[in-house]
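What follows is a single structure, written as structure tokens, with notes after it.
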Amino acid sequence: MKFFTRTRYDAIQGESAAADRDWDLAAADYTRHLARIRDRLPASVQKCCDLSLHDGIVVSVGQPSSDEFEIVIDATRNPWGPRGRFKLSFIGVTSETLQQPSVQDWWLYEEWHLSDAGFALHVLFEKSELLVEASALAFESLNSAR
């Protein structure tokens, strides 16, 4: 994570105006970063990069093949993004740094970046972090909340 780091996240859990300002600056920097790279991201990622699964809970994590990675998130209580259960399927995975999010871990913040493979998704979970580099992404709604 470059913008939404664990250190920044931990700092805003207290009542520090300086930490809040630092978080806001990082969020503004990330917004500019995403605007700069959006057109160079794979089309499948461009459709998803404005969605957040904040407060989503990991339901399952799997690797169906050596170049695929899947994670299912229950985001029925998502405060500002899509609600429901979603599967993210990474295709053409070239690198996966996985402090394996366990079932019931909470999705906090995500960052999209360019990589040699096509894109990289960094996710800060409550207890872990995930980095996946891949060439394409399938974002599937499993049964959206009403």
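So here's what we get for this one:
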quantity: So Asp74, is it farther than 25 Å from Thr31 by Cβ, of a type in the set (Asp, Glu) and at pLDDT 95 or above; calculated: yes
quantity: Positions within segment 107-120 being crowded, with 18+ Cβ neighbours inside 10 Å and touching a residue at least 40 places away in the same chain (Cβ under 8 Å), in sequence order; calculated: Trp107, Leu108, Tyr109, Glu110, Glu111, Trp112, Gly118, Phe119
quantity: Of all residues making up segment 47-69, the number that are surrounded by fewer than 18 Cβ atoms within 10 Å (Cβ to Cβ) and not in a loop (DSSP other than H, G, I, E, B); calculated: 5
quantity: Residues of segment 14-30 satisfying the condition of being closer than 22 Å to Lys127 by Cβ and either among the basic types (Lys, Arg) or at pLDDT below 95 (or both); calculated: Gly14
quantity: Members of segment 15-47 that are among the hydrophobic types (A, V, I, L, M, F, W, C) and in contact (Cβ under 8 Å) with a residue 60 or more places away in the chain; calculated: Leu34, Ile37, Leu41, Val45
quantity: Filter result (buried (at least 16 other Cβ atoms within 10 Å of the Cβ), among the aliphatic types (A, V, I, L, M) and under 19 Å from the mean Cα position of the chain (by Cα)) within segment 13-36; calculated: Ala26, Leu34
quantity: Residue match in segment 133-142 (condition: polar (S, T, N, Q), assigned to a loop (DSSP other than H, G, I, E, B) and surrounded by 15 or more Cβ atoms within 10 Å (Cβ to Cβ)); calculated: yes
quantity: Top-ranked residue of segment 79-97 - restricted to ones that are of a type in the set (Val, Ile, Thr) and either buried (at least 17 other Cβ atoms within 10 Å of the Cβ) or modelled with pLDDT of 90 or more (or both), ranked as farthest from Leu114 (Cα to Cα); calculated: Ile91
quantity: Failed item in (1) buried (at least 18 other Cβ atoms within 10 Å of the Cβ); (2) on the phi < 0 side of the Ramachandran plot; (3) in a loop (DSSP other than H, G, I, E, B), with Thr76 passing the rest; calculated: (1)
quantity: Which numbered condition Ser16 fails, given (1) farther than 15 Å from Phe139 by Cβ; (2) touching a Cys at 6+ places or on another chain (Cβ under 7 Å); calculated: (2)
quantity: Unmet requirement for Asp39, which otherwise passes all of (1) under 21 Å from Ala138 (Cα atoms); (2) touching a strand residue (DSSP E or B) at 6+ places or on another chain (Cβ under 9 Å); calculated: (2)
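The values are calculated or read from the model by the stated rules, or taken from the named source; none is laboratory data. Since we're looking at a predicted model, the values are computed, not measured. Cβ sites come from the backbone with ideal geometry, for glycine too, and all protein chains shown count toward neighbours.
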